[in-house]
Structures are given as C-alpha cells and as structure tokens.
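In what follows, a single structure is set out as structure tokens and then discussed.
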Protein chains: 2
Amino acid sequence: MTSDSRVAESGASLHRIGQIYRTFIKQVDEPLRQVGLAVGQLPVLVTLKNAGASSQAELARVAQVEQPSMAQLLNRMERDGLIERVPDPADGRSRLVSLTGQATRRLPAGKAVMDSLAVKALEGFSREERDVLQDLLSRIQANLERVSKG
Amino acid sequence: MTSDSRVAESGASLHRIGQIYRTFIKQVDEPLRQVGLAVGQLPVLVTLKNAGASSQAELARVAQVEQPSMAQLLNRMERDGLIERVPDPADGRSRLVSLTGQATRRLPAGKAVMDSLAVKALEGFSREERDVLQDLLSRIQANLERVSKG
DNA sequence: GTAATATAGATAGGAGGCTATGTAATGACA
DNA sequence: TGTCATTACATAGCCTCCTATCTATATTAC
C-alpha cells in the first residue's frame, strides 16, 4: 500500500465522521424542537437532572465545550424558561444553574428522541460490532487528544 | 442484554462521533489559518481544482451542505480572495465559481495539514481495522439516510 | 492588609451549519 | 406565445461552536 492511499483512506474516514455527525444533528433537530428542546441542551439537562444545581464551569466541563459556548447556551435556555440561575451563596463570582419544572417535564421525551435515533443508527449491528466501533472510536479520540498535548 | 444498555451504548457511540468531529476541527483550524485557509473551504477548493469552474449548486452537492450554507461560504471565500464568480454565459441565473491563483498556491499546504492530522488520528490502526472502521461508518451513514427517506 | 494571581462569568465578533422565503431566469406546454 | 412550474441563487434569522478579551470576586504571598 502506498503512503498516498493510506492518506486517502484516513481522510475518507474522518470526512465520513463529520457527515454522520451532521446528519444525526439534522435528523434529531426537528422532533426535538417539537418537544420544545434543542440538541445542545440535552447534555445540560441530563447533567442538571443527575447532579442537581451546578455551576456554568462544571456544565461546560461535562459537555466538553468552552466556557463562552456554555454561557450562550445557558442564555438561550434561560430565555426559553428551561433553567434558572441563582447567585451561589458560597462564591460571589458564581451562579448555580438549576432546571425549571418545564424542563424536567420535557426531558423524558427529549431523551426518547435521541435514544430512538441512536438505536436506528446502529441497526443491524451485532453486539461485537458495537464493541469494535466503540474501541476504534475511542482510539481515534485518544490519538487526537494526544496530538493536542504532545 | 437489556434494551436500556443497548440504548446507552448507541448513545455513547454517537456522542463520541460528535466529540471526534469537534476535536478534529479544533486541531486543524489553527494550522490551516496559518496557511490562510479554513476548514470548510477545503472541499470547495479541492473540487474546483479537480473539476474546474463549477456552479454553486454543484459545489453544495459535492460538499453535502445546503445551498445557503454554500452561498455564505462562497461569500467569505470571495471576500478573502480565494475564488472568483463570473456569470455563466449558458445560464443567466448561474455564476461559475473558479479558483484564484492565491487559492491554488495555498491548496497543497492546506491538504497537507488535513492529511497529516487524519493520519495521526488513525495511528496504530492496522489495514484491516481501517477497513472495518470504514465499513461500520458507512453502515451508520446508510442507516441515518434511510431514516430521512423511509 | 495589601498586592499579585487565579478563577467565574460576560461580551464581542466570527465561522459554519440550518430553515424559510424571496427573486430572477429557464423551460415546458396548452 | 404566454403562462406556470422549476431551478439557481440571495437574504434573513437562528443555533452552536470558537478565540480573544473584559470585569468582578477569591485566594495566595508577602
């Protein structure tokens, strides 16, 4: 195998990953909006549901986005009545973010939308194939994260 | 295996795909900017290089983005002196997009940046593992595209 | 106790994606 | 030939991500 064809294959896989990502988002966006939620909101809602009230920094860390991205997302969610922010009594710089009742009520339907499409995406995959996929993706992610440090 | 754990695994894979996509973009963005290019521009540049002057619709089709996304991308590229648009003599509605000399000169370095990271991302993968990955990803994509039609 | 540093968040500005909708040219057909 | 659907593109408005930078509060070191 030539070095050129190795490059071509690598590029193809990464390109396909980008396409899958965008297709998934596109598919899930409309049914989620019908439930009154948006794609980026789910990790925040799930985290708040599981961990209780959290700081913006903690939410950004869990969702693996930068702080300003989380700040904007929380702004939209506050505007839409999904979250509340109250001053943290223990730290004057921080505000604790918590779910509203409305968000709590919408969350199950939102999770159902995500899970349903995730299952459809892996239709026809054996247990072993799912494991292999997880392993390969984990290794790609580890490789990419190693690049940013090393 | 329970249905719950199958859902959890599916969600995990798709979530990881999103993370890989964003990590890849993040890694490639800065070296590309140093070359004077941006991530979304590469497919357009490569297509124009290979196929010659093309219409906006054709470029959108190849890059698999919607027409307004391509229109905005081309606006930025025109602003930055990477492409030119000239009226299509054969169709008064259309303009033919072509590379400038500057873009042609920058393209090889841009491709090198992308290829280099793509190779690093798949470091430690055997030939067979790359094939398996391609197969699994193709099947996911086919599943997702089937959802949008069926 | 005050000066320097670190941390939490806010804001500005831009890339790149989407849907919905408008406009102008083409093409097909009664 | 004149109308009408289709096609190519433009525009508006929004979401989600980013970097760079600013403010305000904590914390640490002297």
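The values are calculated or read from the model by the stated rules, or taken from the named source; none is laboratory data. Small disclaimer: the values here were computed from a predicted structure and weren't measured. Quick reminder, even Gly has a Cβ in these numbers, built from the backbone with ideal geometry, and neighbours come from all protein chains shown. All accessible areas refer to the heavy atoms of the entire protein, side chains included, with ligands and DNA or RNA removed. Shrake-Rupley method; radii C 1.70, N 1.55, O 1.52, S 1.80 Å.
Here is how the numbers come out for the structure above:
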| quantity | calculated |
| --- | --- |
| Residues of region A:29-43 classified as at pLDDT below 90 and within 10 Å of another protein chain (Cβ to nearest Cβ), total | 1 |
| Selection from region A:36-58 of residues that are in a helix (DSSP H, G or I) and open to solvent by less than 40 Å² (accessible area, probe 1.4 Å) | A:Q41, A:L42, A:V44, A:L45, A:T47, A:L48 |
| Matching entry among A:D91, A:D80 (being over 26 Å from A:Q27 (Cα atoms) and within 12 Å of DNA strand D (Cβ to nearest atom)) | A:D91 |
| Only one of B:V65, B:V28 that is more than 10 Å from DNA strand D (Cβ to nearest atom) and touching a helix residue (DSSP H, G or I) at 6+ places or on another chain (Cβ under 7 Å) | B:V28 |
